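K.L.:
I'd like to ask some things about the structure below.
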Amino acid sequence: MTISRGIFLLAVLTLALPYLLLARQIGGIGLPETDELLWALKNSLYQGVLSSLIALIAAFTLMPGLWWAGPRLKGVLSWALLLPSLLPPLFVLLSFLAWVDPFPVGLIGVVFVQGFMNAGLAAVLLSRSIEDKLQGLSEMAAVMGAPRFLFLRRSFRLIVWDLAAVGIAIFAFCFASFSIPLVIGGGRATNLEVLIYEKVRISTQMGEALGIGLVQLAIMALVLLIPSRPARLEAARAERLHLVASRWGLGAAAVYVMIFWLPLLKTLPESFRAIGQIEGLWSQIGELALPSVALALGAGLLCLLFLLVFSIGYPQNPIVRLVRGWLAPSTALLGFAFIGWGDASPLITYASVLALLFFLPVFRLGLDRRLESLEPQIQIARTLGANDFLIWHRVVRPQIWGIACVLAGVVSLWAFGEFALGRVMLSQNLNWALLSESLMSSYRIEAGLGVGFLILISGSLLFTFFWRLGHVGR
Amino acid sequence: MSVVKNLIRDYGNFKLEIPHWEIADQGITALWGPSGSGKTSVFRVLLGLEPCPGLTWDFKGVDLARLALEKRGLGVVFQSYELFPHMNARQNILFAAEAKKIEKAEARSTLSRLGEKLGLQSCFDTKAQLLSGGERQRVALARALMSRPRLLLLDEPFSALDENLRAGARELVRDVLEEENIPAILITHDERDLEVLAQRIQKIQNGRLI
């Protein structure tokens, strides 16, 4: 067996493990009553479609600012816009709960928060793919004196596929979203994912939970089958995009960043005071500090391992196609599959499941295109007679190490703030994220926010650790 | 002579149709044709980068088409050179020795010989990204030669160079290949390449040899 075949087998087993465990634990598959299923499906569809629409519309107001900014500011601005989607959903929730009062619990609230959260991501993804296509055209149109609106109208057809690709990606995130509908959906916005959670945790109808999970997977598979043309990989010149760049867009981006940060910062002193007012909370925070860091660090390191190992043998190894096409089970089902595994060592089990949960999205978002861009180098290495391991060790690994470490850092940040999976798997508050969610659920929002700040600070330090690792370990 | 048979591949809007082609196993054979004639497709199929069921390529009694890409023992210089950007010139060249498991002492002596012939000693420690166009081309050639290929494939190797560098580069490549005694297939659309380098010329048009 060659190395790449062995790795492929390992990947299949790793990704299939939750399904195998579920099959072992559940006797049969069932479905809830049609009304209940259709109602949750309708909510999932509404949440997916409306959130992605809001994100795309908002992205169009943010993108001109990205194009207006010079290369250095653009880098900083891109990170600032990405933060709401890179940070755990907990922060977006806390930010909104801090400044929207009373908060519209239900479908509107879920759609609003998810749309906002993904707007920056949509703007960054879209601006990059559109930039490649419109750079030359916009310069030519500007020289010809074409008005901005005419240029936008005429070039819209060129970017329809990019728009569709980003819209579908955000739809997929929001359609199967768990943590946000769980906390602010209330009883009125129960989507398929929350329904699975309720079936697992409240009514213990496991067969029905699995049935709903399969319905959700089937819909996701159909959506992801919609063909999307990949964007070109060449980077555009680092110049402003004429006719579409705008300083107003820069203003919109600044407003977006402030909407996210200002409420959080404004409530900072109050939040820490609130922690002090709850008896025993500081000592509980102290007790959970080490497990919180260990969990996040473990999830990040495991994810780094997955990213590195699964890139061996690219592109001959069908693993990339597997990872691109693989649909992970819902978060709630993933958690359920591993219930009971963590009794002896909950930290190790929970960190592994977190890595399994976050590995696929970060691979698709961050590593896939990077590996694709290395394909010509890999081909030349193969013609020179190099084997899979040598190619990985000398050509691929040094060039993906930096990005893999950043992605592992993102995973550790997510793991720091993830609470929904923990709610399914664990019966105790194992880390700060679960503690923060418990506080929020019991309407002690300020204290929850205070714990959230601790997560943010520690998560940022951990992210910095991974980022530095990416620079030293090449 | 090596003999290629059944190089037939349908791309939908374009078809390669080369039922029989004899390639000299000495000197430089040029595959010459206009843009879109199928030169690069032939190149990719011969290298093994694209599948071509039914293809046979008898090279001194070995059917190269049945071997995996890395076992064919071919050297290659792509149009864009495809140097490993994170490595310096020396590491790029020595990668080929490592891939072929050539002994270190021997690799070092070949590196020194090739470096001298190709005028690369001064840029051995320069990162690939920082090399000039001419240096990149020579490093790519040295890397291909380091792997001791049974046949070298050159895909428009001078097209990325300035006109004033091309003449010198052509003569250098010709001389080095002669000295190293390695047969080569040169893919080109430039008639000057044919005049300076090619011992034999095979014209290709619309996917067929003519």
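The values are calculated or read from the model by the stated rules, or taken from the named source; none is laboratory data. If you're wondering where the values come from, they're calculated on a predicted model, not measured in any experiment. Reconstructed Cβ throughout: ideal geometry from the backbone, glycine too, with neighbour counts over all protein chains shown. Note: areas computed on protein heavy atoms with side chains; ligands, DNA, RNA excluded. Shrake-Rupley method; radii C 1.70, N 1.55, O 1.52, S 1.80 Å.
K.L.:
Report, by residue number, each residue of region A:457-467 that is touching a residue at least 24 places away in the same chain (Cβ under 8 Å) and either surrounded by fewer than 15 Cβ atoms within 10 Å (Cβ to Cβ) or more than 12 Å from A:Ser292 (Cβ to Cβ) (or both).
P.N.:
The answer is A:Ser460, A:Phe463, A:Thr464, A:Phe465, A:Phe466, A:Trp467.
K.L.:
Quick one: would you say A:Lys74 is within 22 Å of the chain's Cα centre (by Cα), farther than 24 Å from A:Ile455 by Cα and surrounded by fewer than 22 Cβ atoms within 10 Å (Cβ to Cβ)? Talk me through it step by step, then tell me what you get.
P.N.:
Numbers: within 22 Å of the chain's Cα centre (by Cα): yes; farther than 24 Å from A:Ile455 by Cα: yes; surrounded by fewer than 22 Cβ atoms within 10 Å (Cβ to Cβ): yes.
Taking the combined requirement at face value, the residue satisfies it.
K.L.:
Quick check, is B:Thr40 open to solvent by 50 Å² or more (accessible area, probe 1.4 Å) and either within 14 Å of chain A (Cβ to nearest Cβ) or at pLDDT 90 or above (or both)?
P.N.:
Working: open to solvent by 50 Å² or more (accessible area, probe 1.4 Å): yes; either within 14 Å of chain A (Cβ to nearest Cβ) or at pLDDT 90 or above (or both): yes.
Judged against the criteria, B:Thr40 is a match.
K.L.:
Here's a follow-up. When you check A:Trp79 against the structure, is it aromatic (Phe, Trp, Tyr), touching a Lys or Arg at 6+ places or on another chain (Cβ under 9 Å) and assigned to a helix (DSSP H, G or I), yes or no? If you could, list the steps in order and put the result at the bottom.
P.N.:
On the way: aromatic (Phe, Trp, Tyr): yes; touching a Lys or Arg at 6+ places or on another chain (Cβ under 9 Å): no; assigned to a helix (DSSP H, G or I): yes.
The answer is no for A:Trp79.
K.L.:
Which of the residues spanning region B:66-76 are more than 7 Å from chain A (Cβ to nearest Cβ) and either loosely packed, with under 15 Cβ neighbours inside 10 Å or in a helix (DSSP H, G or I) (or both)?
P.N.:
Across region B:66-76, the qualifying residues are B:Arg66, B:Ala68, B:Lys71.
K.L.:
Among the residues of region A:93-123, count how many are farther than 20 Å from A:Val257 by Cα and free of Cβ contacts under 8 Å to residues at least 60 places away in the same chain.
P.N.:
3
K.L.:
Only one of these conditions is not met by A:Pro376: (1) open to solvent by 30 Å² or more (accessible area, probe 1.4 Å); (2) within 28 Å of A:Leu295 (Cα to Cα). Which number is it?
P.N.:
Going through (1) open to solvent by 30 Å² or more (accessible area, probe 1.4 Å); (2) within 28 Å of A:Leu295 (Cα to Cα) one by one, A:Pro376 breaks only (2).
K.L.:
Looking at (1) away from chain A (no Cβ under 14 Å); (2) out of contact with any Gly (no Cβ under 9 Å at 6 or more places or on another chain); (3) open to solvent by less than 30 Å² (accessible area, probe 1.4 Å); (4) part of a strand (DSSP E or B), which one does B:Ile18 not meet, given that it meets all the others?
P.N.:
B:Ile18 satisfies every listed condition except (2).
K.L.:
Given the condition buried (at least 23 other Cβ atoms within 10 Å of the Cβ) and in a loop (DSSP other than H, G, I, E, B), answer yes or no: does some residue in region A:426-445 qualify?
P.N.:
Yes, some residue in region A:426-445 is buried (at least 23 other Cβ atoms within 10 Å of the Cβ) and in a loop (DSSP other than H, G, I, E, B).
K.L.:
For the condition under 28 Å from A:Ile400 (Cα atoms) and away from chain A (no Cβ under 12 Å), what is the one hit in B:Gln137, B:Gln91, B:Gln79, B:Gln121?
P.N.:
Working: B:Gln91 fails: away from chain A (no Cβ under 12 Å); B:Gln79 fails: away from chain A (no Cβ under 12 Å); B:Gln121 fails: under 28 Å from A:Ile400 (Cα atoms).
B:Gln137 is the lone residue from the list that is under 28 Å from A:Ile400 (Cα atoms) and away from chain A (no Cβ under 12 Å).
K.L.:
For region A:374-419, give me the residue count where each residue is of a type outside the set (A, V, I, L, M), at the interface with chain B (Cβ under 10 Å from one of its Cβ atoms) and assigned to a loop (DSSP other than H, G, I, E, B).
P.N.:
2
K.L.:
Please identify the pairs in which a residue from region B:46-70 that is within 15 Å of B:Trp21 (Cβ to Cβ) has its Cβ atom under 7 Å from the Cβ atom of a residue that is assigned to a loop (DSSP other than H, G, I, E, B) and not polar (S, T, N, Q), counting only partners at least 6 apart or on another chain.
P.N.:
B:Phe59/B:Arg150; B:Leu64/B:Arg72; B:Ala65/B:Leu55
K.L.:
Something else now. Give me the residue from region B:97-106 that is within 10 Å of chain A (Cβ to nearest Cβ), more than 18 Å from B:Gln121 (Cβ to Cβ) and assigned to a helix (DSSP H, G or I) and, out of that set, least open to solvent (accessible area, probe 1.4 Å).
P.N.:
So the residue we want is B:Ala99.
K.L.:
Here are the criteria: (1) farther than 30 Å from B:Ala24 by Cβ; (2) within 14 Å of chain A (Cβ to nearest Cβ); (3) polar (S, T, N, Q). Tell me which single one B:Ser147 does not satisfy.
P.N.:
It is condition (1) that B:Ser147 fails.
K.L.:
Right, something else. Give A:Phe156, A:Phe116 a once-over and let me know the one that is open to solvent by less than 30 Å² (accessible area, probe 1.4 Å) and either aromatic (Phe, Trp, Tyr) or under 30 Å from A:Ala433 (Cβ atoms) (or both).
P.N.:
Details: A:Phe156 fails: open to solvent by less than 30 Å² (accessible area, probe 1.4 Å).
One residue alone meets the criteria, A:Phe116.
K.L.:
Within region B:123-135, is even one residue in contact with a helix residue (DSSP H, G or I) (Cβ under 6 Å, 6 or more places away or on another chain) and in contact (Cβ under 8 Å) with a residue 60 or more places away in the chain?
P.N.:
no
K.L.:
Among (1) over 24 Å from A:Asn387 (Cβ atoms); (2) open to solvent by 60 Å² or more (accessible area, probe 1.4 Å), where does B:Gly133 come up short?
P.N.:
Among (1) over 24 Å from A:Asn387 (Cβ atoms); (2) open to solvent by 60 Å² or more (accessible area, probe 1.4 Å), B:Gly133 violates only (2).
K.L.:
Still on this structure, please answer the following. Identify, by number, the condition in (1) in contact with a Phe, Trp or Tyr (Cβ under 6 Å, 6 or more places away or on another chain); (2) closer than 21 Å to B:Ala198 by Cβ that B:Leu64 doesn't meet.
P.N.:
Single failed check for B:Leu64: (2).
K.L.:
Here is a further query. Is it the case that B:Val62 is hydrophobic (A, V, I, L, M, F, W, C) and open to solvent by less than 20 Å² (accessible area, probe 1.4 Å)? Walk me through it before giving the result.
P.N.:
On the way: hydrophobic (A, V, I, L, M, F, W, C): yes; open to solvent by less than 20 Å² (accessible area, probe 1.4 Å): no.
It is false that B:Val62 is hydrophobic (A, V, I, L, M, F, W, C) and open to solvent by less than 20 Å² (accessible area, probe 1.4 Å).
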